[in-house]
Amino acid sequence: QVQLMESGGGLVQGGGSLRLSCAASGSIFSLNAMAWYRQGPRKQRELVASITAGGTTNYADSVKGRFSVSRDTVKNTMYLQMNSLKPEDTAVYFCNVVYRRNSVSPITYTWGQGTQVTVSS
């Protein structure tokens, strides 16, 4: 089983910055794609940013130019640097990881518990 530990959420004023972290631990043979999703009040969960094992990144249009996703393959940790935050970025941010437990297991995925990000106007 793989566990994800998210951290870095909090309350920030509009225009401010936060950095989220997602550390994966447990039975990991390989980590494939890692991604951040968010779910705002009365909204569906949406993809914010993703990064492949090779480092290719993808962003939602709403965060392009403001957010940056990265990963440390040694620490099995993904980061989300969020700058120029807006009130509409307020949401619970979830980490999602695609992985294999061993060399013969199928690819599977898991979710973190989520971390609250609140941006005041």
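The values are calculated or read from the model by the stated rules, or taken from the named source; none is laboratory data. As the structure is a computational prediction, the values presented were derived from the model and not from experiment. As a convention, Cβ positions derive from the backbone with ideal geometry for all residues, glycine included, and neighbour counts pool all protein chains shown. With ligands, DNA and RNA removed, areas are computed over all heavy atoms of the protein, side chains included. Shrake-Rupley method; radii C 1.70, N 1.55, O 1.52, S 1.80 Å.
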Query raised in the report: Treating the beta-carbon of each Lys and Arg as +1 and of each Asp and Glu as -1, no other charges, what is the dipole magnitude of the chain about its Cα centre, to the nearest 20 debye?
Result: 80
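Ignoring ligands, DNA and RNA, please state the percent of accessible area on the chain from carbon and sulfur, probe 1.4 Å. Walk me through the numbers before you get to the answer.
Details: 3130 of 6470 Å².
Solvent-exposed carbon and sulfur of the chain make up 48 percent of the total.
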**Report entry** For the range 74-80, 3J(HN,Hα) per residue [Karplus equation, 6.51 cos²θ - 1.76 cosθ + 1.60, θ = phi - 60°, Hz, x = Gly/Pro]
**Finding:** 6, 8, 6, 10, 10, 10, 9
Query - Part-to-part distance (alpha-carbon centres) for the range 60-121 and the range 1-40, which is given in Å - result: 4
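For every other residue with a beta carbon closer than 15 angstrom to the beta carbon of Q3, add +1 if it is Lys or Arg and -1 if Asp or Glu, then tell me the sum.
Neighbour charge sum, excluding Q3 itself: +1.
Take W111, W36 and sort them by solvent-accessible surface of the protein heavy atoms, 1.4 Å probe, largest at the top.
Details: W111 90, W36 0 Å².
The ranking, largest first, comes out as W111, W36.
Gain in length, R42 to I107, computed as 0.36 nm per residue apart minus the alpha-carbon separation, to one decimal in nm? Walk me through the numbers before you get to the answer.
Working: separation 65, 0.36 × 65 = 23.40 nm, distance 3.13 nm.
Gain in length upon complete extension: 20.3 nm.
Please report the equivalent ellipsoid semi-axes of the range 33-75, computed as sqrt(5 x eigenvalue) of the Cα gyration tensor, largest first, in whole Å. Can you show the working numbers first?
On the way: eigenvalues 90, 28, 13 Å².
Ellipsoid semi-axes (Å, largest first): 21, 12, 8.
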Query - Stretchable slack from N32 to Q81, in nm (0.36 nm times residue separation minus alpha-carbon distance) - result: 15.6 nm
**Report entry** Per-residue SASA entry for E88, accessible area with 1.4 Å probe, Å² rounded to 10
**Finding:** 110
Query raised in the report: With each label point set 7 Å from Cα along the Cα-Cβ vector, what nm distance links T56 and Q13?
Result: 4.1
**Report entry** Accessible area (Å², per residue) of the chain, counting only protein heavy atoms and a probe of 1.4 Å
**Finding:** 53
